[in-house]
Amino acid sequence: MPFEIRAIEEGDWPQIMQLQRQAYHAVTPEQEAVLRSKQRLGPRSCWVAIRRQQVVGYCLAHPWHAGPPPGLDKEYEPVVDASLLYVHDVVVAPQARGLGVAAAFLQRASEQARRHRLPRLALVAVQDAAGFWRRHRFEPGGHRPDPAIYGPDALYLEQACQPPAGKPD
């Protein structure tokens, strides 16, 4: 694999923030404290992709409950009644696109969801990304993202996960 995926470390945050600023033009980038709060909500489901000692992508995913997706630029308390793993953010640097970084993040997110008996992944597709997510087996879910927060073309999408037998870790 031409990149490594690992847990987010303290020194990764400047590069994560730079990638976020480069990636989003239709929604306002979130504050660093907010992104760090997503990592606190899902410490085992937030990763970076490293290539040549550089962060070339990140994924922030965390447990969430059935119902509307979380808003942007807001910190949340841990969810005790989680029923899905919410993929808050997947960003891949232009120079790493086509290497399979996003697919690797999604595979890890799906494994993490199954490990914790969460039957679904969910996300909000923004900036015309719905086609990308549909190619990764995400389908429209039952919620409508707030257009004032996510933009008028945002879509709530879900993907079913089958939990494994045995105990969660």
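Look at region 152-169: where a residue is part of a loop (DSSP other than H, G, I, E, B) and modelled with pLDDT of 55 or more and a partner is hydrophobic (A, V, I, L, M, F, W, C) and surrounded by 11 or more Cβ atoms within 10 Å (Cβ to Cβ), sitting 6+ places away or on another chain with Cβ atoms under 7 Å, you get A154/V124; A154/A125; A154/V126; C161/A113; C161/L118; C161/L121. If you go through region 115-128 and keep only what is over 16 Å from P43 (Cα atoms), assigned to a loop (DSSP other than H, G, I, E, B) and among the aliphatic types (A, V, I, L, M), you end up with just V126.
Among G131, G71, which is the only one that is farther than 16 Å from R6 by Cα, modelled with pLDDT under 95 and not in a loop (DSSP other than H, G, I, E, B)?
On the way: G71 fails: not in a loop (DSSP other than H, G, I, E, B).
Unique residue meeting the criteria: G131.
Of the listed requirements (1) over 22 Å from A7 (Cβ atoms); (2) of a type in the set (G, A, S); (3) loosely packed, with under 15 Cβ neighbours inside 10 Å, G141 misses just one: (3).
Taking the conditions exactly as written (within 22 Å of E139 (Cα to Cα) and either outside any loop (DSSP other than H, G, I, E, B) or basic (K, R) (or both)), does Q112 satisfy them or not? Give the derivation first.
Values: within 22 Å of E139 (Cα to Cα): yes; either outside any loop (DSSP other than H, G, I, E, B) or basic (K, R) (or both): yes.
Yes, satisfied.
Scanning region 113-122 for residues that are touching a Gly at 6+ places or on another chain (Cβ under 9 Å) and surrounded by 21 or more Cβ atoms within 10 Å (Cβ to Cβ) yields one hit, A122. Close contacts from region 19-44, counting a first residue that is more than 26 Å from A113 (Cβ to Cβ) and touching a residue at least 40 places away in the same chain (Cβ under 8 Å) and a second that is assigned to a loop (DSSP other than H, G, I, E, B) and among the hydrophobic types (A, V, I, L, M, F, W, C), with Cβ to Cβ under 7 Å and a gap of 6+ residues or different chains, come to A26/V126. Restrict the check to region 92-102 and report whether at least one residue is in a strand (DSSP E or B), at pLDDT 95 or above, surrounded by 21 or more Cβ atoms within 10 Å (Cβ to Cβ) and within 12 Å of the chain's Cα centre (by Cα). The answer is yes; a qualifying residue exists. For region 8-31, the set of residues classified as crowded, with 16+ Cβ neighbours inside 10 Å and part of a loop (DSSP other than H, G, I, E, B) consists of I8, Y24, V27, P29, E30, listed by residue number.
The values are calculated or read from the model by the stated rules, or taken from the named source; none is laboratory data. Here the structure is a predicted model, which is why all the values come from computation and not from measurement. Every residue, glycine as well, gets a Cβ built from its backbone with ideal geometry; the counts of neighbours run over all protein chains shown.
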